[in-house]
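Structure first, commentary second.
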Amino acid sequence: MVTTQRRRPELAAFLRTRRARVTPADVGMAPGFRRRTPGLRREEVAQLSGVGVTWYTWLEQGRPINASPQVLDAVARTLRLDRPEREHLYHLAEVPYESGPESLAQTVGPEIQNIIDALDPHPAVVYNSRFDVLATNPAYRDLFMVPATALIGVPNVLWTLFAVSEAACPLVYRDRELPLMVATLRSAYGRHVGEPAWEDFIRRLSAMSPYFAELWASGEVIPPGPRVKTFRHPAVGEMRMTAVSLSIDGMPECRIVAYSPDDEVARERVALLRKGREPLWPPSDAMEVKALWARTS
């Protein structure tokens, strides 16, 4: 009750400030004479949104009225709210917010690449919510891009881990880790059900790997989170690594995953792996890798 009472004045103030910044000219209306309102009038917002003047007035006054997603969307369009503002409106009105379909990022800017490069000698990678590999640093490429995985040729970590043989998989506890990754994928899939790119990815991965298809059918869902994973590398052996996910402002559904040694043995082996080695999959090969992935379509 206290939270609801606090949200109502916040909702009222938010709507008033958004209304004040939209001029009649912005919405194709004549300004008229004797206009003292800095932006649109309440009755104009109501008319443009297709709702009653009294209902909108009560909404802007923060009164306890019910608002449907359709009506809030209409008000949001009239007030020219962007996606974060629209989501904020929904939260203040206590209406569940569902974002529309959005294409996942497939590239990162130089500022993000610089951040993960600065983490070297710790491995770091940028994933989107489908586990597409958007950027890596040299330590990540040395750890994961061993010949067995590099030959898969697909810039998606899930595809790589399910396509590589169990003996060559860099995850030591494959039967424990892969179900967690698939459950993380499903937690993101809920926002993209029916989108062709996602449905095609799930279909192709299920056709390629019966094990993935089995895990996907289980319906398990978990969010990304910190994990301790054990990796094997043909040059230095096994390493226990802590993986931590970091969200990226301005890149919804993308995250930096950074790996750090979990014990002294792993620390020594990571240092040994990095010493004097060249990356097995340099960034210049990115276009070739994407071409290989396209040929699997």
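The values are calculated or read from the model by the stated rules, or taken from the named source; none is laboratory data. Nothing here was measured: the structure is a model prediction, and the numbers come from that model. Using ideal geometry, Cβ is built from the backbone for each residue, glycine included, and neighbour counts are taken over all protein chains shown. Accessible surface areas use protein heavy atoms only, side chains included; no ligands, DNA or RNA. Shrake-Rupley method; radii C 1.70, N 1.55, O 1.52, S 1.80 Å.
Pull out all pairs, ordered by first then second residue, where Cβ-Cβ is under 7 Å, the residues are six or more apart or on different chains, the first lies in segment 44-60 and is touching a residue at least 24 places away in the same chain (Cβ under 8 Å), and the second is open to solvent by less than 40 Å² (accessible area, probe 1.4 Å) and small (Gly, Ala, Ser).
From segment 44-60, the pairs are Ser49/Ala74; Gly50/Ala74; Val51/Ala74; Leu59/Ala67; Glu60/Ala12.
Only residues that are in a loop (DSSP other than H, G, I, E, B) and surrounded by 14 or more Cβ atoms within 10 Å (Cβ to Cβ): list them for segment 40-51, please. Show your work before the answer.
Applying the first criterion (in a loop (DSSP other than H, G, I, E, B)) to segment 40-51 yields 40-41, 50-51.
Matches in segment 40-51: Leu40, Arg41, Val51.
Only residues in segment 182-204 that are in a loop (DSSP other than H, G, I, E, B) count as the first member; pair them with residues that are open to solvent by less than 30 Å² (accessible area, probe 1.4 Å), Cβ under 6 angstrom, at least 6 apart or cross-chain, and list the lot.
Close Cβ pairs (under 6 Å, with a partner that is open to solvent by less than 30 Å² (accessible area, probe 1.4 Å)) amount to His192/Trp198.
How do the pairs read when you match residues in segment 117-145 that are on the phi > 0 side of the Ramachandran plot with residues anywhere that are assigned to a strand (DSSP E or B), using Cβ under 9 Å and keeping only pairs 6 or more apart or on different chains?
Between residues of segment 117-145 that are on the phi > 0 side of the Ramachandran plot and residues that are assigned to a strand (DSSP E or B), the close pairs are Phe131/Asn156.
Residue check: is Asp142 among the charged types (D, E, K, R), over 20 Å from the mean Cα position of the chain (by Cα), under 27 Å from Leu158 (Cβ atoms) and open to solvent by 60 Å² or more (accessible area, probe 1.4 Å)? Working first, answer last.
Numbers: among the charged types (D, E, K, R): yes; over 20 Å from the mean Cα position of the chain (by Cα): yes; under 27 Å from Leu158 (Cβ atoms): yes; open to solvent by 60 Å² or more (accessible area, probe 1.4 Å): no.
No; evaluated as a whole, the condition is false for this residue.
Look through segment 196-230, keep the residues that are within 22 Å of Ser247 (Cβ to Cβ) and open to solvent by 30 Å² or more (accessible area, probe 1.4 Å), and return whichever of them is farthest from the chain's Cα centre (by Cα).
It comes out as Val228.
Residues being open to solvent by less than 20 Å² (accessible area, probe 1.4 Å), in contact with an Asp or Glu (Cβ under 9 Å, 6 or more places away or on another chain) and assigned to a helix (DSSP H, G or I): count how many of those fall in segment 76-89.
So the answer is 2.
So that you can scan it fast, the table gives a plain yes or no per residue for (1) more than 33 Å from the chain's Cα centre (by Cα); (2) open to solvent by 20 Å² or more (accessible area, probe 1.4 Å); (3) more than 20 Å from Arg7 (Cβ to Cβ):
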| position | (1), (2), (3) |
| --- | --- |
| Asp26 | no, yes, yes |
| Arg36 | yes, yes, yes |
| Val53 | yes, yes, yes |
| Tyr56 | yes, no, no |
| Arg63 | yes, yes, no |
| Val71 | no, yes, no |
| Ala74 | no, no, yes |
